[in-house]
Amino acid sequence: MQREFWFIVGSQFLYGQEVLDTVDARAKEMAAELSKVLPYPLVYKVTAKTNKEITETVKEANYCDQCAGIVTWCHTFSPSKMWIDGLRDLQKPWCHLATQYNKEIPNEEIDMDFMNLNQAAHGDREHGFIGARLRKPRKVIAGYWQDEKVHKRLSDWMKAAIGVAASKEMKVMRFGDNMREVAVTEGDKVEAQIKLGWQVNTWAVGDLVKEMGKVTEAEIDALVAEYEASYDIATDNTAAIRYQAKEEIAMKKMMDREGCKAFSNTFQDLYGMEQLPGLASQHLMAQGYGYGGEGDWKVSAMTSILKAMGENGNGASGFMEDYTYHMVEGQEYSLGAHMLEVCPSLAADKPRIETHHLGIGMNRKDPARLVFEGKAGKGIVTSLIDMGGRLRLIVQDIEAVKPILPMPNLPVARVMWRAMPDLTTGVECWIMAGGAHHTVLSYDVSAEMLRDWARMMDIEFVHIDKDTTPEKLEEELMVKDLIWKLK
Ligand code: MN
């Protein structure tokens with residue numbers, strides 16, 4: 001589905017038709033120009049002058065699947081009581097763009113006519129008041145509409161709003177249950193559906209095995225050819241690769257039949273299967289499906305949502321797990337990986353397909369998997385946890401580096417990063433906030449985008465960045481605990 005955003009411009013009748021015609025023409029021009037630089041079209045809908053126009057446009061937006069959010073701006077003053085009914089009923093993400101058509105105050109030209117037409121400075125304040133008065137979640141972006149910084153921030157907000165749409169449509173296919181006794185991968189699926197829109201349901205591993213039995217050799221040939229085109233084959237064990245292809249085809253068919261964009265499984269329940277899906281899960285993630293190991297449906301759904309929020313609707317984001325630290329002074333790094341399932345969108349170079357023994361779980365044969373090093377660059381890791389009565393999204397800024405060691409005997413993909421504010425303070429903060437060992441690592445989605453997403457989903461947001469201290473965070477968590485009990 002081609003998503004779009006709607007541009008609603010505020011005004012009123014007081015200025016006369018000539019001003020309204022100018023506002024209309026400029027709004028059209030701005031939407032067209034902005035659509036050229038934004039990741040999704042900005043469609044100009046109306047210069048709003050009445051309660052009815054606003055309410056009708058909002059009703060239409062609420063029921064239009066293509067519309068992923070609205071952007072409002074008041075070119076002139078636009079009395080806010082006429083916005084109350086529409087904004088109160090608004091169910092789509094909302095961004096208030098506080099801008100103006102002209103960049104400069106024109107020294108010679110400026111007179112009272114100019115002032116009447118170009119009074120966004122006070123129009124946007126009236127508009128801001130009603131947003132605050134209604135306690136309506138919204139993003140405020142201020143700046144000149146042709147400024148690159150404004151484009152970047154509006155783009156990022158649009159992507160966060162795409163994450164809202166992806167969340168509301170999210171269906172997760174769980175193969176089996178969570179890993180026995182693990183706490184953090186649990187959660188209230190009813191709460192997740194109420195707040196985030198996720199439909200999280202279980203399918204038997206036996207159903208998957210049955211589906212695998214129906215996969216044809218020709219289907220496997222075609223997928224193996226795709227593997228060969230995308231990855232370097234570094235194993236003679238073609239049977240293991242073909243087995244992974246069979247698993248991938250079967251899982252994809254089952255997910256597509258149900259409209260699922262994410263799945264989870266566990267190495268403790270591979271009943272009737274020869275291998276834990278490795279390459280299969282990795283190649284599904286490359287196509288935008290979310291994955292979570294050990295039955296972790298929360299991280300699975302988040303993986304898919306962050307992918308949808310990224311470049312072209314399938315960005316560099318993947319399921320990750322904190323494994324071990326390098327605690328040498330001056331070289332303090334986290335090493336992230338997983339048993340097998342690291343998304344190739346995180347890779348610095350072309351991944352290799354390898355087969356190795358997997359000692360954990362019920363694998364009867366060595367699973368094929370993609371092995372690679374993660375890219376260097378700025379990113380984030382994020383974890384969604386169930387606090388009992390509410391969901392908390394924790395985001396930590398990271399700087400990924402080329403792994404400082406070759407680790408030739410490590411048989412899985414790996415990513416190495418410096419956590420903010422530093423390794424040990426970052427770990428202390430993460431642990432205090434209750435963040436999981438499972439995360440989504442992203443090079444494409446920023447903390448600000450996830451803050452916007454959490455605001456739109458009405459869940460708690462905790463950000464660990466370069467300035468976070470355990471002392472400040474402890475107080476923040478105590479205050480938020482109270483606020484979220486009252487909400
Ligand atoms: Mn794990």
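Remarks
- Taken over segment 44-56, residues that are surrounded by fewer than 19 Cβ atoms within 10 Å (Cβ to Cβ) and farther than 20 Å from residue 120 by Cα amount to 2.
- Any hit, segment 291-309, residues being away from the ligand (no atom under 16 Å from the Cβ), in contact (Cβ under 8 Å) with a residue 24 or more places away in the chain and surrounded by fewer than 19 Cβ atoms within 10 Å (Cβ to Cβ): no
- Residue match in segment 338-356 (condition: over 19 Å from the mean Cα position of the chain (by Cα), in a strand (DSSP E or B), under 21 Å from residue 420 (Cβ atoms) and more than 13 Å from the ligand (Cβ to nearest atom)): no
- Within segment 311-323, restricting attention to residues that are surrounded by fewer than 22 Cβ atoms within 10 Å (Cβ to Cβ) and away from the ligand (no atom under 13 Å from the Cβ), the residue that is farthest from the chain's Cα centre (by Cα) is 312.
- Some residue of segment 69-76 being touching a His at 6+ places or on another chain (Cβ under 7 Å) and within 25 Å of residue 16 (Cβ to Cβ): yes
- Looking at segment 420-487, none of the helices (runs of 4 or more DSSP H) lying wholly inside it contains 3 or more residues that are closer than 11 Å to residue 397 by Cα, in contact with a Ser or Thr (Cβ under 6 Å, 6 or more places away or on another chain) and aromatic (Phe, Trp, Tyr).
- Contact map, segment 435-452: residues that are touching a residue at least 60 places away in the same chain (Cβ under 8 Å) and farther than 13 Å from residue 317 by Cβ paired with residues that are away from the ligand (no atom under 16 Å from the Cβ) and assigned to a helix (DSSP H, G or I), Cβ distance under 7 Å, separation 6+ or inter-chain. Pairs shown: 448/156; 452/157; 452/160.
- Hits in segment 100-116 (condition: modelled with pLDDT of 95 or more and within 24 Å of residue 82 (Cα to Cα)): 100, 101
- Selection status of residue 177, under 20 Å from the mean Cα position of the chain (by Cα) and either among the acidic types (Asp, Glu) or in the same structural domain as residue 434 (by TED's automatic domain parsing) (or both): no
- Scanning segment 256-281 for residues that are open to solvent by less than 10 Å² (accessible area, probe 1.4 Å) and of a type in the set (Ser, Thr, Tyr), we see that the one that is farthest from residue 305 (Cα to Cα) is 266.
Here's the yes/no breakdown for (1) in contact (Cβ under 8 Å) with a residue 40 or more places away in the chain; (2) more than 28 Å from residue 188 (Cβ to Cβ):
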| residue | (1), (2) |
| --- | --- |
| 335 | yes, yes |
| 338 | yes, no |
| 370 | yes, yes |
| 390 | yes, no |
| 394 | yes, no |
| 406 | no, yes |
| 418 | yes, yes |
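- Boolean, residue 192 is in the same structural domain as residue 348 (by TED's automatic domain parsing), more than 27 Å from residue 447 (Cβ to Cβ) and not polar (S, T, N, Q): no
- Taken together, the criteria place residue 267 among residues that are of a type outside the set (Lys, Arg), modelled with pLDDT under 95 and within 16 Å of the ligand (Cβ to nearest atom).
- Among the residues of segment 362-411, those identified as open to solvent by 30 Å² or more (accessible area, probe 1.4 Å), hydrophobic (A, V, I, L, M, F, W, C) and at pLDDT 95 or above are 376, 387, 404, 405, 407, 410.
- Checking every residue in segment 195-215 against the condition of being polar (S, T, N, Q), touching a Lys or Arg at 6+ places or on another chain (Cβ under 8 Å), within 24 Å of residue 66 (Cα to Cα) and open to solvent by 50 Å² or more (accessible area, probe 1.4 Å) gives at least one match.
- Residue within segment 440-462 that is within 16 Å of the ligand (Cβ to nearest atom) and either outside the structural domain of residue 353 (by TED's automatic domain parsing) or on the phi < 0 side of the Ramachandran plot (or both) present: yes
- Filtering 100, 17, 91 for residues that are of a type in the set (S, T, N, Q) and out of contact with any helix residue (DSSP H, G or I) (no Cβ under 9 Å at 6 or more places or on another chain) leaves a single hit, 17.
- Test: residue in segment 373-387 that is part of a loop (DSSP other than H, G, I, E, B), in the same structural domain as residue 425 (by TED's automatic domain parsing) and more than 28 Å from the chain's Cα centre (by Cα): no
- Some residue of segment 370-381 being in contact with a strand residue (DSSP E or B) (Cβ under 7 Å, 6 or more places away or on another chain), of a type in the set (Val, Ile, Thr) and more than 19 Å from residue 406 (Cα to Cα): yes
The values are calculated or read from the model by the stated rules, or taken from the named source; none is laboratory data. All figures in this text were calculated on a predicted structure; none of them were measured in a lab. Cβ: placed from backbone, ideal geometry, glycine included. Neighbour counts: every protein chain shown. Calculation scope for accessible area: heavy atoms of the full protein, side chains included, ligands and nucleic acids excluded. Shrake-Rupley method; radii C 1.70, N 1.55, O 1.52, S 1.80 Å.
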